[in-house]
Amino acid sequence: MYTFSIYLYAIAVYIAAFFGHKKARKLVKGHVMTWKILKEKIDRNEHYVWFHASSLGEFEQGRPLIERIRREHPEKKILLTFFSPSGYEVRKDYNGADIVCYLPFDTHLNARAFVHFARPEMAFFIKYEFWRNYITVLNSKNIPIYSVSSIFRDGQIFFSWYGWWYKYMMRRFTHFFVQNEKSKQLLHTIGVDQVTVVGDTRFDRVRDIMHAAKPLPLVEKFSMRKEGKPDAADAKFTDRFPILVAGSSWPVDEEFIIPYFNQNKRMKLVLAPHVVNDQHINKIISMLQRPYVRYTEATPEIVQDADCLIIDCYGLLSSIYRYATVAYVGGGFGVGIHNVPEAAVYGIPTIIGPHNQNFREARELLDNGSCKQIDSGQDFAPLLDHFFANPKEVEELGNIAGNYISDNAGAADKIYRSIPL
């Protein structure tokens with residue numbers, strides 16, 4: 001039944017690709033290229049460590065371990081696979097891996113062929129990657145299989161009576177490196193005892209990003225007051241404006257963020273929308289009543305005269321958070337919040353929407369008080385007013401956030417020390 005459903009899904013993807021669906025076309029083309037890539041690039045004399053990530057988020061969780069192995073064992077080759085085009089298309093040129101390709105659909109024939117060509121000496125599946133046929137083939141060849149940064153909750157299919165085949169498959173893993181004790185306890189209920197609690201490698205990744213953050217002179221210039229020293233009323237903010245960085249914002253977020261910004265001229269706004277296209281950017285611009293500039297059009301002279309800096313490109317947000325007095329992380333009024341630790345690592349308080357139940361790090365930041373939840377747009381203005389009026393509290397909450405990230409980092413090191421390389 002499982003393999004049959006995979007074939008049905010594959011047929012649906014091919015049909016969608018035939019009718020012009022862009023993502024489906026990329027997937028089909030990528031699968032064809034996988035076999036060509038493996039045949040051309042796999043060196044039969046080398047030893048490959050295989051990492052598989054569904055998409056970009058899972059890759060970022062696996063990246064600290066990839067780079068640790070790369071650094072400590074340069075004689076090993078890294079094979080990195082993705083299932084989703086949103087991961088592969090962004091990281092297909094990632095120089096931390098020797099080979100990057102798509103993972104073909106999980107049929108028994110594909111699994112046998114892939115493992116035959118790739119010849120991995122061990123395999124790492126990030127978070128929720130449980131591909132039955134690939135795992136079966138790896139297990140039959142006695143190739144160690146590890147699950148990294150996995151986290152489990154009550155009610156998931158793995159622990160239901162109809163998820164018996166998941167239980168059977170998960171027992172074939174060599175080891176699970178899970179995020180919390182609850183996950184370990186749940187796995188124990190289905191007879192999976194090869195489990196170690198190490199935390200989430202995402203903390204290692206955001207810490208690495210912070211240390212490698214590139215300087216952004218335009219954002220630095222934007223944040224500074226034109227006349228050097230602040231006036232007495234603003235002395236508590238030194239020589240910078242209070243800055244709200246709204247990261248990965250959606251239209252529902254912008255509907256209350258921008259009106260607040262329009263009415264509060266003692267602060268500046270860096271707005272990094274989740275979707276960057278002309279239609280969305282033009283909608284944002286139409287709502288602004290104060291001077292703004294798009295990042296791609298900014299100059300040192302123009303940017304300092306702007307009150308709102310619109311980040312109309314990708315790849316900068318993780319470096320921009322360092323300039324924030326307070327950060328708003330979007331997505332909490334939609335499918336779920338985006339990367340809260342990416343902001344918290346800089347030692348700043350964060351604000352999120354209510355859809356955060358499945359994000360452990362956000363829940364723990366809420367528990368320690370350094371992250372604040374708003375349940376509607378009406379809650380936003382009073383909270384920002386309070387923050388901007390109480391810089392000492394902002395500093396204290398920021399310290400709590402930064403310490404939380406530091407205290408939880410180190411999962412990649414624990415995993416690395418537990419695997420035989």
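Here, each number is a calculation from the coordinates, and none is a lab measurement. Owing to the predicted nature of the structure, the values given are computational and were not obtained by experimental measurement. Quick reminder, even Gly has a Cβ in these numbers, built from the backbone with ideal geometry, and neighbours come from all protein chains shown.
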Along the charge dipole of the range 52-208, Cβ charges K/R +1 and D/E -1, which of Gly87, Trp164, Tyr146 sits furthest on the positive end? Trp164
Around Gln378 (Cβ within 13 Å, Cβ-to-Cβ, excluding Gln378; K/R +1, D/E -1) the net charge comes to -4
What relative contact order, as a whole-number percentage, does the range 304-421 give when Cα pairs under 8 Å and 6 or more residues apart are counted? 23
Relative contact order in percent for the range 1-109 (Cα pairs under 8 Å, 6+ apart) equals 30
May I ask you to list the aspartates and glutamates whose Cα is less than 20 Å away from that of Lys92, ignoring any residue fewer than eight positions away on the same chain? Glu40, Asp43, Glu58, Glu60, Glu67, Glu129
Expected max-MSF residue from Gly155, Gly353, Gly199 in the GNM of the chain (alpha carbon, under 10 Å) is Gly155
18 Å reach of a label modelled at His211, 7 Å along Cα-to-Cβ, counting backbone N of the range 56-75: 60-74
Proximal lysines relative to Lys184, as straight alpha-carbon distance under 28 Å, when same-chain residues fewer than 8 apart are discounted: Lys127, Lys141, Lys167, Lys414
What are the semi-axes of the equivalent ellipsoid of the range 83-131, taken as the square roots of 5 times the eigenvalues of the Cα gyration tensor, listed largest first and rounded to whole Å? 19, 14, 12
Subtract the Cα-Cα distance of Leu109 and Asn399 from 0.36 nm times their separation in residues, and report this length gain in nm to one decimal. 99.1 nm
Could you put Thr136, Thr81, Thr196 in order, starting from the residue whose Cβ has the fewest other Cβ atoms within 10 Å? Thr196, Thr136, Thr81
Net charge dipole size for the range 23-140 [Lys, Arg +1 and Asp, Glu -1 on Cβ; Debye, nearest 20]: 340
Of Pro341, Tyr323, Tyr404, farthest towards positive along the dipole that unit charges on Lys, Arg, Asp, Glu beta carbons give the range 212-408: Tyr323
Two pseudo-spin positions, 7 Å from Cα along C-beta at Asn277 and at Trp164, lie apart in nanometres by 4.6
Centroid-to-centroid separation of the range 306-346 and the range 70-112 [C-alpha atoms, Å]: 28
Given that compact globular proteins tend to follow 2.2 N^0.38 Å, what is the ratio of the alpha-carbon Rg of the range 261-330 to that value? 1.05
So, relative contact order of the chain in percent, Cα under 8 Å, 6 or more apart, is 12
What size of dipole, in debye to the nearest 20, comes out for the chain about its Cα centre when the only charges are +1 on Lys and Arg C-beta atoms and -1 on Asp and Glu C-beta atoms? 1560
Taking r as the C-beta separation of His116 and Lys414 and R0 as 41 Å, the FRET efficiency to the nearest 0.05 is 0.80
Please list, by residue number, every one of the trypsin sites (Lys or Arg not before Pro) in the range 248-342 that is coil in DSSP and has at most 13 other beta-carbon atoms within 10 Å. Lys265, Arg266
The range 212-408, dipole about Cα centre (Lys/Arg Cβ +1, Asp/Glu Cβ -1), debye to the nearest 20: 320
Would you mind getting me the FRET efficiency between Met224 and Asn358? Use the beta-carbon distance for r and R0 = 56 Å, nearest 0.05. 0.90
Lysines with Cα under 24 Å of Lys265, excluding same-chain neighbours fewer than 8 positions away: Lys221, Lys226, Lys229, Lys236, Lys283, Lys372, Lys392
The chain: longest stretch without exposed GluC sites (Glu not before Pro) (DSSP loop, at most 15 other Cβ within 10 Å), sites themselves excluded? 228-421
I'd like the orientation of helix 391-408 relative to the chain: the angle between its Cα long axis and the longest Cα principal axis, in ° from 0 to 90, rounded to 10. 10
Using 0.36 nm per residue of separation minus the Cα-Cα distance, give me the extension gain between Ala389 and Lys141 in nm, one decimal. 83.0 nm
Per-residue Cβ contact counts at 10 Å, fewest first, order Tyr346, Tyr166 as Tyr166, Tyr346
Over the Cα atoms of the range 1-157, each weighted equally, I'd like the Debye log10 I(q)/I(0) at q = 0.20 Å⁻¹, rounded to two decimals. -1.44
Placing one equal point scatterer on each C-alpha of the chain and summing with Debye, one gets log10 I(q)/I(0) at q = 0.08, 0.11, 0.12, 0.13 Å⁻¹ equal to -0.51, -0.91, -1.05, -1.17
